[in-house]
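Structure first, commentary second.
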Amino acid sequence: MANETTGGRGRSNTAAKETKAASETVSQETSRIVPKGIDQHEIVTVRNGFQGRLVYKSRKTGERFIWDGFGAEQDMEIGELRNAKSSSKKYFENNWFMFDESWIPEYLGLSQYYKHAIPISKFDDFFSKTADEMEKIIAELSDGQKQSIAYRARQLIADGTIDSNKAIATLEKSLGIELIERDK
């Protein structure tokens, strides 16, 4: 009786039940768990991770969010961040949207983009690292953060904060750009 077929497919009920049970187990393991206690209207602080003015326009509501400079803050609803995830993922991939709380990218299912990101509060600390440490860190950064590092490095070189030839050479090599003009 265990090998009873149904509908002429040549599959037994037992085999079909085992396959269904296995697929349910896999889907339960791979589905993302959404915390029930988070309200979609909850307001969180979003910081500008872009070295300059950042503008985000909601495709759903038409509301504009403007950050005037690196590290500037705007308050946004979690629901709006979910909309941004669907319509403007580059803000997350490039770390232009930065968060002080690590639960936000996790909740949005975007923690892979923030795993190696340098927090806004520790951004300038990066430049006091050794050349080897800088090289390792840069290798894991998003393109957006690499651009922010390059922009900030130019500022710090111009004001004399970074004056080590080794540090400058490491930054140029790791970022694949020229930070200072050299005589040819």
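The values are calculated or read from the model by the stated rules, or taken from the named source; none is laboratory data. Remember, predicted model here, so these are calculated numbers, not experimental data. Virtual Cβ from ideal backbone geometry, glycine too; neighbours counted across all protein chains shown.
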Check: Among the residues of the range 116-129, is there at least one that is without any contact (Cβ under 8 Å) to a residue 12 or more places away in the chain, within 27 Å of D100 (Cβ to Cβ) and not in a helix (DSSP H, G or I)?
Finding: yes
Checklist line | Members of the range 134-145 that are over 12 Å from L171 (Cβ atoms) and part of a helix (DSSP H, G or I) | finding: K136, A139, E140, D143, G144, Q145
Checklist line | Scan of the range 146-165 for residues that are over 18 Å from G71 (Cβ atoms) and not in a helix (DSSP H, G or I), ordered by number | finding: G160, I162, D163, S164
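A22 - would you say it is of a type in the set (A, V, I, L, M, F, W, C), modelled with pLDDT under 95, assigned to a helix (DSSP H, G or I) and surrounded by 12 or more Cβ atoms within 10 Å (Cβ to Cβ)? Steps first, please.
Numbers: of a type in the set (A, V, I, L, M, F, W, C): yes; modelled with pLDDT under 95: yes; assigned to a helix (DSSP H, G or I): yes; surrounded by 12 or more Cβ atoms within 10 Å (Cβ to Cβ): no.
No.
Tally time: how many residues in the range 96-119 are surrounded by 17 or more Cβ atoms within 10 Å (Cβ to Cβ) and among the small types (G, A, S)? So that I can check it myself, show each step before the final result.
Step one: filter the range 96-119 for residues surrounded by 17 or more Cβ atoms within 10 Å (Cβ to Cβ), giving 96-99, 104-105, 107-108, 110, 113-114, 117-118.
Applying the additional criterion that residues be among the small types (G, A, S) yields 117.
Of the residues in the range 96-119, 1 are surrounded by 17 or more Cβ atoms within 10 Å (Cβ to Cβ) and among the small types (G, A, S).
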Notebook entry, point to check: Just wondering, is there one or more residues in the range 56-69 that are modelled with pLDDT under 95, in contact with a Ser or Thr (Cβ under 7 Å, 6 or more places away or on another chain) and farther than 27 Å from K166 by Cβ?
Noted result: yes
Check: Restricting the range 81-99 to residues that are in a loop (DSSP other than H, G, I, E, B) and touching a residue at least 24 places away in the same chain (Cβ under 8 Å), which is nearest to I120 (Cα to Cα)?
Finding: F99
Next item on the list: Quick one: which residue in E93, E80 is surrounded by 17 or more Cβ atoms within 10 Å (Cβ to Cβ), modelled with pLDDT of 95 or more, within 17 Å of V46 (Cβ to Cβ) and among the charged types (D, E, K, R)?
Entry: E80
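Give me the residue from the range 137-175 that is small (G, A, S) and either under 24 Å from the mean Cα position of the chain (by Cα) or within 22 Å of K89 (Cβ to Cβ) (or both) and, out of that set, surrounded by the fewest Cβ atoms within 10 Å (Cβ to Cβ). Before the answer, list the steps.
To start, the set of residues in the range 137-175 that are small (G, A, S) comprises 139, 142, 144, 148, 150, 153, 158, 160, 164, 167, 169, 174.
This time we only want the ones that are either under 24 Å from the mean Cα position of the chain (by Cα) or within 22 Å of K89 (Cβ to Cβ) (or both), so: 139, 142, 144, 148, 150, 153, 174.
Numbers: A139: 10, S142: 21, G144: 22, S148: 26, A150: 19, A153: 23, S174: 19.
Among those residues, the one meeting the criterion is A139.
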Note to self: Any residue that is among the small types (G, A, S), within 17 Å of N95 (Cβ to Cβ) and surrounded by 11 or more Cβ atoms within 10 Å (Cβ to Cβ) - is there at least one of those in the range 120-136?
What the structure shows: yes
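I'm checking my understanding of the structure. Among residues of the range 100-115 that are among the aromatic types (F, W, Y) and in a helix (DSSP H, G or I), which one is nearest to the chain's Cα centre (by Cα)? Walk me through how you get there before you give the answer.
Here is the first cut: in the range 100-115, the residues among the aromatic types (F, W, Y) are 103, 107, 113-114.
Next, only the ones that are in a helix (DSSP H, G or I) stay: 103, 107, 113.
Working: W103: 12, Y107: 12, Y113: 3 Å.
The extreme case among them is Y113.
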